[in-house]
Amino acid sequence: MEVNYNENIVCVDVDLTLVSPTDSILRDIEIVNPYSNTKSKYKIHKYHVEILKQYKGRGCFIRVWSHGGVKWAETVVKALGLEDYVDSIETKPFKLVDDLPAEKIFKNIIYIKDDGGEKS
């Protein structure tokens, strides 16, 4: 059993949060999906990458997860060079067993649109 004593855990999603698929010629990065071996173009969400780094700098435990699987999350973290900022990588939880609804647990959801404005 692994015990994490850090009281400040920040969970960061991968798809549409750290990177977004794009067909644009102005892509930021190409990443090979470890499950399909398919290379695709992605736009890096620079605001969220910066937030991740800032939270790590403030002593937070950074957990990156993805519904796309742990290997995909790990591949993206490495492609973005975030290994020194990320403490754990895992598949996004698909069930929550708790007495509280998810919105009561995750009260501080952050998402900044690519143009710098907050998502409504």
Problem - Residues satisfying the stated conditions in region 93-115, i.e. modelled with pLDDT under 90, part of a loop (DSSP other than H, G, I, E, B) and either in contact with a helix residue (DSSP H, G or I) (Cβ under 7 Å, 6 or more places away or on another chain) or closer than 18 Å to residue 56 by Cα (or both) - result: 96, 108, 109, 110, 111
Exercise for the section: Kindly establish whether residue 49 is in contact with a Lys or Arg (Cβ under 9 Å, 6 or more places away or on another chain), within 18 Å of residue 84 (Cα to Cα), crowded, with 16+ Cβ neighbours inside 10 Å and β-branched (Val, Ile, Thr). Expected result: no
Practice task
Run residue 6 past the list (1) surrounded by 15 or more Cβ atoms within 10 Å (Cβ to Cβ); (2) touching a Cys at 6+ places or on another chain (Cβ under 9 Å) and report the number of the one that doesn't hold.
Solution key: (1)
Handout entry: Filter result for residue 65 (of a type outside the set (Val, Ile, Thr), part of a strand (DSSP E or B) and either exposed (fewer than 10 other Cβ atoms within 10 Å of the Cβ) or at pLDDT 95 or above (or both))
Key = yes
Practice task
Tell me, yes or no, whether region 78-92 has at least one residue that is in a loop (DSSP other than H, G, I, E, B), at pLDDT below 95 and aliphatic (A, V, I, L, M).
Solution key: no
Exercise for the section: Only residues that are within 16 Å of the chain's Cα centre (by Cα) and under 11 Å from residue 72 (Cβ atoms): list them for region 19-33, please. Expected result: 19, 31, 33
Problem - Residues located in region 1-39, provided they are acidic (Asp, Glu) and part of a strand (DSSP E or B) - result: 13, 15, 30
Practice task
Answer with yes or no whether residue 55 is part of a strand (DSSP E or B) and either surrounded by 13 or more Cβ atoms within 10 Å (Cβ to Cβ) or modelled with pLDDT of 95 or more (or both).
Solution key: no
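The values are calculated or read from the model by the stated rules, or taken from the named source; none is laboratory data. Predicted model only: the values in this text are computed from it and were never measured. With ideal geometry, Cβ positions are generated from the backbone for all residues, glycine too; neighbour counts draw on all protein chains shown.
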